[in-house]
Amino acid sequence: MEVVNRSLERIRLEIRIRIVDVASVVALTPHMRRIRLTGPELEGFQSPGHADHVKVFLPSDGKPLPRPERHPDGLVWPDEVAKPFVREYTPRYFDAAALTLDLDFVLHGDGPASSWAAAARPGDQLMIGGPRGTIRVPEAFDWYFIAGDETALPAIGRRIEELPANKPASPSSKCPRPPTSSASKPALRWRSIGYIATAARPAPTT
């Protein structure tokens, strides 16, 4: 009898701090922006898993951030630098040949990351770090149920796109408004029930 491995695979990655430039800003919906980052420091970037995350460092005083030093206990910033805001985002797309990385930001108010994304323009710089590791979900299951809130839409969309065409997936997201999928494949059909929005990809037919 064939033994199917359905165990999660945990992989450690090299942690690097990168300073990248904003290449483009696209409004996916009135409440979500896709920001494409680029720059030579993306050489060697890895994101094998759909639920990976990078840390985004944003200055708390409006001044450009210097590159921190890496110590065993974490990052160390110069004494004169105000402690930055740190947020985590899913790498939506990474193009290793073009050295571009897409991050999707939900615009949900006046928080530091939301405000930065709302005002971002090509040429702006951003400091990111990681991913520090990844968890790979095997493609050995018959089907997949994927759920999350509005901030999980990038990971949900990426997972759906990366699944083989013969693997049915049923994503569900609780959102304050009907979401608009940015996934290019496969097509998603969204149904809104009150504040609950679900998407379904039909099982393949033979």
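The values are calculated or read from the model by the stated rules, or taken from the named source; none is laboratory data. Everything quoted here is computed from the prediction, not taken from an experiment. Cβ: placed from backbone, ideal geometry, glycine included. Neighbour counts: every protein chain shown. For accessibility, only protein heavy atoms count, side chains too; no ligands or nucleic acids. Shrake-Rupley method; radii C 1.70, N 1.55, O 1.52, S 1.80 Å.
So for segment 190-201 (the condition being modelled with pLDDT under 80, closer than 30 Å to L75 by Cβ and touching a Cys at 6+ places or on another chain (Cβ under 6 Å)), does at least one residue qualify? No, because not a single residue in segment 190-201 is modelled with pLDDT under 80, closer than 30 Å to L75 by Cβ and touching a Cys at 6+ places or on another chain (Cβ under 6 Å). For beta carbons closer than 9 Å, sequence separation of 6+ or different chains, a first residue in segment 121-148 that is in contact (Cβ under 8 Å) with a residue 12 or more places away in the chain and under 23 Å from G44 (Cα atoms) and a second that is part of a strand (DSSP E or B) and aromatic (F, W, Y), the qualifying pairs are L126/F57; M127/F57; I128/F57; I128/Y89; G129/F57; V137/Y144.
Here R67, R6 are screened, and the one residue that is open to solvent by 50 Å² or more (accessible area, probe 1.4 Å) and more than 23 Å from R158 (Cα to Cα) is R67. All of (1) out of contact with any strand residue (DSSP E or B) (no Cβ under 7 Å at 6 or more places or on another chain); (2) at pLDDT 90 or above hold for P84 with one exception: (1). Considering only residues in segment 9-55 that are assigned to a strand (DSSP E or B) and open to solvent by 60 Å² or more (accessible area, probe 1.4 Å), the one that is nearest to V137 (Cα to Cα) turns out to be E9. Of all the residues in segment 56-66, those that are assigned to a strand (DSSP E or B) and over 22 Å from the mean Cα position of the chain (by Cα) number 0. For R158, the conditions (1) among the basic types (K, R); (2) modelled with pLDDT of 75 or more; (3) assigned to a loop (DSSP other than H, G, I, E, B) are fulfilled apart from (3). The criterion of at least 2 residues that are open to solvent by 50 Å² or more (accessible area, probe 1.4 Å) is met, among strands (runs of 3 or more DSSP E) falling completely within segment 85-154, by 85-89, 91-95, 133-136, 144-149. Of all residues in segment 98-111, those satisfying the criterion of being more than 17 Å from the chain's Cα centre (by Cα) and either within 17 Å of K55 (Cα to Cα) or not acidic (D, E) (or both) are A98, G109, G111.
Does P178 satisfy being modelled with pLDDT under 70, assigned to a loop (DSSP other than H, G, I, E, B) and in contact with a Lys or Arg (Cβ under 6 Å, 6 or more places away or on another chain)? Considered against the rule, which asks whether it is modelled with pLDDT under 70, assigned to a loop (DSSP other than H, G, I, E, B) and in contact with a Lys or Arg (Cβ under 6 Å, 6 or more places away or on another chain), P178 comes out as no.
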